[in-house]
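Accompanying notes for the structure given below.
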Protein chains: 2
Amino acid sequence: MAKPKKQPRPKAETPKGFRDYFGADVAQRDAMLAEIAKVYHRYGFDPLESSAVETVEALGKYLPDVDRPNAGVFAWQEDGDGDWLALRYDLTAPLARVYAQHRNDLPTPYRRYAMGPVWRNEKPGPGRFRQFYQCDADTVGTPTVAADAEICAMLADTLEAVGIGRGDYIIRVNNRKVLNGVMEVAGILDPSDPEKFAHERGIVLRAIDKLDRLGPDGVRALLGAGRKDESGDFTDGAKLGAAQAEVVMDFMAAKRDSGLATVARLRDLVAGSPMGEEGVQELETIEQLLIAQGYGPDRIEIDPSVVRGLGYYTGPVFEAELTFEILDEKGRPRQFGSVAGGGRYDDLVKRFTGQEVPATGISIGVDRLLAALHAKGRLSAAEAGPVLVTVMDRDRMADYQAMAAELRNAGIRAEVYLGNPKNFGNQLKYADKRDCPLAIIEGSDEKARGVVIVKDLVLGKRLAEEIESNEEWKAQPAQQEVPRIDLAAVVSKYIGETEKNLREPRG
Amino acid sequence: MAKPKKQPRPKAETPKGFRDYFGADVAQRDAMLAEIAKVYHRYGFDPLESSAVETVEALGKYLPDVDRPNAGVFAWQEDGDGDWLALRYDLTAPLARVYAQHRNDLPTPYRRYAMGPVWRNEKPGPGRFRQFYQCDADTVGTPTVAADAEICAMLADTLEAVGIGRGDYIIRVNNRKVLNGVMEVAGILDPSDPEKFAHERGIVLRAIDKLDRLGPDGVRALLGAGRKDESGDFTDGAKLGAAQAEVVMDFMAAKRDSGLATVARLRDLVAGSPMGEEGVQELETIEQLLIAQGYGPDRIEIDPSVVRGLGYYTGPVFEAELTFEILDEKGRPRQFGSVAGGGRYDDLVKRFTGQEVPATGISIGVDRLLAALHAKGRLSAAEAGPVLVTVMDRDRMADYQAMAAELRNAGIRAEVYLGNPKNFGNQLKYADKRDCPLAIIEGSDEKARGVVIVKDLVLGKRLAEEIESNEEWKAQPAQQEVPRIDLAAVVSKYIGETEKNLREPRG
């Protein structure tokens, strides 16, 4: 047998751009995903969990750069010379592959939801990680905009289900066809050259997408010759004529007080473009369907300034924005911004099958949504720790374990201290670190008298910031002696009351 | 702009050895993980979700072959020349990295649970996938066997919580130190040469591990000169003398009717070996702790024939086996076998920090546990589909959506048919494919009369295997006309009764 090589001590670090999630962060995300799944499921969507690993070929078209398979995704070659494999970078490309692969077994339309991590091989930054959660719902195989309207209604229900109150969010709906129509009317689009069409539309889309940040004048500059920013850097523009640019600006400003008024204004703007008129008609139908179900402009509205970055959208696009203000890193108030987006994409499956398969869907940024709930004070930073059964006499471990078992059987989170019990102060420090609400103490004296001490650590912490000795600590009023036989009942009552207090609405 | 390359149509396939999970498979696994998490949490364990990607260096020691970083794991090099990264292949190696990295912020002992996919770059086979779920609980930072006993008790509670009845499983406990002691007494171990020690112990462990499959004579042969199997292949043996081999055989057969009798027998076998005596003492303490909490030999027993493959275990080892019989692929009855295993490993963190950090834990094979519940008929193959609101008049989509919304608000899973509504038969085929329990029908006639038709599809399927036309279908008795205003109430009542029927115990 060969001698094992002596290795240097490895670094205990996640790879750059990755992180670990502990305790409450994991539990709260799980709870949120379960809540979202409940809504998706109630709408008739079925869960799907596709493999995290795909062939680069299956993901291919949507890679940032088809000539460099490793850009944007984490990719490797099987056995050094086999297929190129990669971690999925979103949940939409895998859905297209799954639907193409299993379409004969799946119902049509196929409504599915998926939740899980995706991976991006991008430069990490503060708050930007290379692994994060997405939570998608899509309807594949139907062209009707009733499917788009349903997705918007479901998104509103979902946001409310996870704790975003009505009035704290708005879902904005637009339609790519309307923008195409506007560009056709303005003479910007040259339908005879599809490549030029896509390129120019891309520049215009990117300009519109900056309305929030740059304001109308900035967008106007980007639609025209170009724009120099504060640092002096110059961004090339779309080179539209002034009149053409004004048509696009009119489109972005087409939002009116009611959805139907916005629709009327858009209909004026696209008059003469069949594609534009079709898009306006779709928006009108979506609006009517939503109004009939009670989703008014306080929740969902048509807003022509929404474009969404992704090139693959072909019809309606949606975006959910949280409208309350938070303080940014410099302490300035700003709107929280987008937490979900989606739209109709009719070509994703086609590349596998050659057949048009219309689809529409939404993706929720779960991590951002959690951050929003934290910012609103709707989630606590830490969850309550277990009730700690302390160890006063290490020979009676079985007694303490039996107490913990009793508490658990009563549905209470509980554990026996399993560190070295010699130093009682360490047991208290441990309880403090874990945010334990109660400590249970049974020394030989208590044992002989058939009682246990139940110590309220929350109250105890408030009463005394400094604990010098076991004796002093035991003298605090935040503890009571109860018959051993009543342990579970007393603790249940205490925990129940604490939870009730915690659940009172705050702020 | 460069012309995009024309690409051949990609194959719509998962990579070899990977698969997708649909509908009930996803929902049932999620439900099981949630149930397991609830038990782990009640025992005081905190959730941890480490990144799926680790540096190969952090995983390194436990790779099957340190000289070929790509063997066993899916690995790639960052930017072609940076760190080697890899997908985690279990949840234990990442725990060691996490504890070493965050030990100053974590409580000690640190009880954590983790659930999620792991990836193995191994040859796939029938039922063997390269991505699968693990579900672990570990206690890091304490040497007390009370932690091991707790893990065993928790495992029993967990199996019962997910639906494995008492009597259908047994948790077996052994201790590596006892085996080491036996080998020391038999003169097999030469403590002066640690490498030879590890190598010879490995051969003996592998032989013992085959007791179930080969029986005592087969193991005896493997402990001695070697064994020729039915195909004529020869496996080299451990080359023990006959007397030495008998000591090992005695050890494996040391199980007695009660745990304490087994402990007494083991104590005889290791007399004179300090390590062996320590191991027996640990088993006795575990037994006492478990008995005191009510975990008798009907649930957890000491069984010296359990060895567990992994080389890193240093003390107690555990294995949960399901004891009921299922039929194998050839129709022969066989025991279902192992669904969880674990043990104490005291050296995993040390390689990062240089300090001994004792740890113990368990890993549950979630997919096998789900298969077991399916085999026992405890999980249905498909979950119920949504109530389907059919589309009789495509201009009244808003009406149908409002019906679905009403049903959802009453907590009922419901959707409007969103395929092409022209062919009503397609709507019924869709309902059939989705296992919809009910269809709701509102044509113009019903609309005028203020009623809707509620069609029982489950009963309907039983009554008529063939449906020729819409009219004939409507004549079936499995449907009732109800006032439109009563829709949600009638459907609620129906769904409630169906669920009650489904929940009746089967078989």
* Asked: In units of 2.2 N^0.38 Å, what is the alpha-carbon radius of gyration of region A:48-168?
  -> 1.24
* Helix B:274-292: angle to the longest alpha-carbon principal axis of chain B, degrees 0 to 90, nearest 10? -> 40
* Where does the charge balance sit around residue A:277 when Lys and Arg score +1, Asp and Glu -1, over other residues with C-beta under 13 Å from its C-beta? -> -3
* To do: Counting only heavy atoms of the protein chains, get the accessible area per residue of chain A (1.4 Å probe) and round it to a whole Å² value.
  => 44
* Rg over Rh [alpha-carbon atoms, Kirkwood Rh] for region B:263-382 -> 1.05
* To do: Over the residues of region A:313-373, compute the C-alpha Rg and express it relative to 2.2 N^0.38 Å.
  => 1.57
* To do: Can you bin region B:396-450 into rounded, prolate or oblate? Criterion: square roots of the alpha carbon gyration tensor eigenvalues sorted a ≥ b ≥ c, rounded for a/c under 1.5, prolate for a/b above b/c, oblate for the rest.
  => oblate
* Structure fact -> For region B:103-176, the Cα-Cα pair-distance distribution in 10 Å bins from 0, as whole percents, is 14, 32, 36, 16, 1
* Asked: Of the accessible area of chain B, with the probe set at 1.4 angstrom, what percent is carbon plus sulfur?
  -> 50
* Asked: How many angstrom lie between the C-alpha centres of region B:216-241 and region A:85-115?
  -> 50
* Determine, from the Cβ-Cβ distance of residue A:480 and residue B:426 and an R0 of 60 Å, the FRET efficiency 1/(1 + (r/R0)^6), rounded to the nearest 0.05. => 0.30
* **Which listed pairs, of A:38/B:493; A:123/A:239; A:376/A:429; A:461/A:493, have C-alpha distances above 23 Å, in listed order** => A:123/A:239; A:376/A:429
* To do: Compute the accessible area of each residue in region A:274-320 twice, once for its chain alone and once with every protein chain present, using a 1.4 Å probe on heavy atoms, and list those whose area falls by at least 30 Å².
  => A:289, A:292, A:293
* Asked: Taking a label point 7 Å from the Cα of residue B:9 along the Cα→Cβ vector, which residues of region A:329-361 have an amide N closer than 17 Å to it?
  -> A:347-358
* Per-copy distances of the residue B:124 label point, shortest first, in nm (7 angstrom along Cα→Cβ) -> 3.0
* To do: Filter the trypsin sites (Lys or Arg not before Pro) in region B:146-207 to those in DSSP coil with at most 15 other Cβ atoms within 10 Å of their Cβ, and list the result.
  => B:166
* To do: Let me know the longest stretch in chain B that avoids all GluC sites (Glu not before Pro) found in a DSSP loop with at most 14 other C-beta atoms within 10 Å.
  => B:1-229
* Determine which chain B residue has its Cβ at minimum distance from the rotation axis mapping B onto A, giving the value in whole Å. => B:76, 2
* Show that you can apply the helix-only estimate: for chain B, add -39,500 (n - 2.57) for every DSSP H stretch of four or more residues, divide by all residues, and state [θ] at 222 nm to the nearest 500. => -12500 deg cm²/dmol
* Rounded to the nearest 100 Å², what's the accessible area chains B and A bury against each other, both chains counted, probe 1.4 Å? => 8500
* Mind giving me the FRET efficiency for residue A:433 and residue B:168? R0 is 51 Å, r the Cβ-Cβ distance, nearest 0.05 is fine. => 0.85
* Can you work out the base-10 log of I(q)/I(0) for the protein assembly as shown at q = 0.05, 0.08 1/Å, using the Debye formula on its C-alpha atoms alone? -> -0.38, -0.94
* With axes computed from alpha carbons, what is the tilt in degrees of helix A:176-185 against the longest principal axis of chain A, rounded to the nearest 10 within 0 to 90? -> 30
* To do: Compute the semi-axes of the equivalent ellipsoid of chain A, taking the square root of 5 times each eigenvalue of the Cα gyration tensor, and list them largest first in whole Å.
  => 55, 28, 23
* To do: May I ask for the angle, rounded to the nearest 10°, between helix B:194-208 and the longest principal axis of chain B, with both axes built from Cα atoms and the value confined to 0 to 90°?
  => 50
* Asked: Could you give the nm distance between label points at residue A:233 and residue A:312, where each point is 7 Å from its Cα heading toward the beta carbon?
  -> 2.8
* Going by a 1.4 Å probe on protein heavy atoms, which residues of region B:30-48 end up with at least 20 Å² less accessible surface in the whole assembly than in their chain alone? -> B:41, B:42, B:43, B:44, B:46, B:47, B:48
* **In nm, spacing of pseudo-spin labels at residue B:490 and residue A:447 (7 Å Cα→C-beta vector)** => 6.8
* Asked: Normalized C-alpha radius of gyration of region A:195-315, against 2.2 N^0.38 Å?
  -> 1.15
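The values are calculated or read from the model by the stated rules, or taken from the named source; none is laboratory data. Remember, predicted model here, so these are calculated numbers, not experimental data. Note that each Cβ is placed from the backbone with ideal geometry, even for glycine, and that neighbours are counted across all protein chains shown. Each accessible area value is taken on the protein alone, full model and side chains, heavy atoms only, with ligands, DNA and RNA left out. Shrake-Rupley method; radii C 1.70, N 1.55, O 1.52, S 1.80 Å.
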